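The values are calculated or read from the model by the stated rules, or taken from the named source; none is laboratory data. These numbers come from a predicted model, not from an experiment. Cβ placement follows ideal geometry from the backbone for every residue including glycine, while neighbour counts extend to all protein chains displayed.
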Ligand SMILES: Nc1nc2c(ncn2[C@@H]2O[C@H](COP(=O)(O)OP(=O)(O)OP(=O)(O)O)[C@@H](O)[C@H]2O)c(=O)[nH]1
Ligand SMILES: [Mg+2]
């Protein structure tokens, strides 16, 4: 049980490679993984070790996050943690963003969801390396899950790593993954008061993307008010307004992302 947010993420996470039914990696509490192989009769044989769960979940997480950060820095990998409520458009944003980055930089993706490999399958269709972490009843990714996934996939030098966190506007903000940046995605159907009601996510974020602007004519949402609310809780927040569906507003976002990649 996670002492921080009360969700159960202790060792329950499993990493999947979309399209490869024989591939599963169970993530231990120390971030080690063990593959499970199915024999001809479908029986599982697990290899690995279990370590007692640390009491201080966040301290333990932060230590491993620093190891991840060191690894990313050594390889000049720009790791971005994408966070939002369920359905704000994180995967759609990646589907539209990656094809514009891929000609210039290698891109890898880690997908976080409680269940299914649906998002990883959507990303795999773009032709970039992707692994899916299923957190089971856990409501966020943590540093050990990312550490394990990164060790499984390996990362190219000077590349972009996109980590799509579990859809949740609360708990994922508390867990450092070792990323260089957190980007919170909010969509116009969620209400322009969300930055005030869920400030931790916006305080922790480096940038905010207001998505689904194509729906603005149909919903009572004031983009200016939302921006002001977000900047009230974090005046350094970079702000983007776009529609991942139509591509409107995408140029500014892509130019900004490319400028960050140049610095890697
Ligand atoms: N109108 C409109 N719909 C969008 C836009 N972006 C995403 N959607 C739709 O919103 C729904 C959710 O999009 P996803 O990209 O799956 O959202 P997500 O944040 O990845 O969802 P989870 O991974 O479940 O948290 C889908 O039906 C998308 O087609 C947009 O800019 N405009
Ligand atoms: Mg998604």
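Remarks
- Checking each residue in segment 170-197 for being out of contact with any strand residue (DSSP E or B) (no Cβ under 6 Å at 6 or more places or on another chain), closer than 21 Å to residue 95 by Cα and surrounded by fewer than 21 Cβ atoms within 10 Å (Cβ to Cβ) picks out only 189.
- Residues of segment 231-264 that are part of a helix (DSSP H, G or I) and more than 21 Å from residue 214 (Cβ to Cβ): 231, 232, 233, 258, 259, 260, 261, 262.
- When segment 113-132 is filtered for residues that are under 12 Å from the mean Cα position of the chain (by Cα), over 23 Å from residue 254 (Cα atoms) and either free of Cβ contacts under 8 Å to residues at least 24 places away in the same chain or within 12 Å of ligand 1 (Cβ to nearest atom) (or both), the ones remaining, listed by number, are 113, 132.
- Residue pairs whose Cβ atoms lie under 6 Å apart, sitting 6 or more positions apart in sequence or on different chains, and linking a residue in segment 72-95 that is under 12 Å from residue 183 (Cα atoms) to a partner that is near ligand 1 (Cβ under 7 Å from one of its atoms) and part of a strand (DSSP E or B), are 82/164; 84/185; 90/84; 90/164; 90/185.
- The single condition from (1) closer than 21 Å to residue 198 by Cβ; (2) surrounded by 23 or more Cβ atoms within 10 Å (Cβ to Cβ); (3) within 14 Å of ligand 2 (Cβ to nearest atom) that residue 113 fails is (2).
- Lone qualifier among 158, 165 - being modelled with pLDDT of 95 or more and within 15 Å of ligand 2 (Cβ to nearest atom): 165
- Selection within segment 176-207 - closer than 24 Å to residue 257 by Cα, within 14 Å of ligand 1 (Cβ to nearest atom) and in contact with a helix residue (DSSP H, G or I) (Cβ under 7 Å, 6 or more places away or on another chain): 184, 185, 186, 188, 201
One line per residue, one yes/no per condition, for (1) surrounded by fewer than 20 Cβ atoms within 10 Å (Cβ to Cβ); (2) more than 13 Å from ligand 2 (Cβ to nearest atom); (3) not in a helix (DSSP H, G or I):
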{"residue": "95", "(1), (2), (3)": "yes, no, no"}
{"residue": "105", "(1), (2), (3)": "yes, yes, yes"}
{"residue": "109", "(1), (2), (3)": "no, no, yes"}
{"residue": "138", "(1), (2), (3)": "no, yes, yes"}
{"residue": "152", "(1), (2), (3)": "yes, yes, no"}
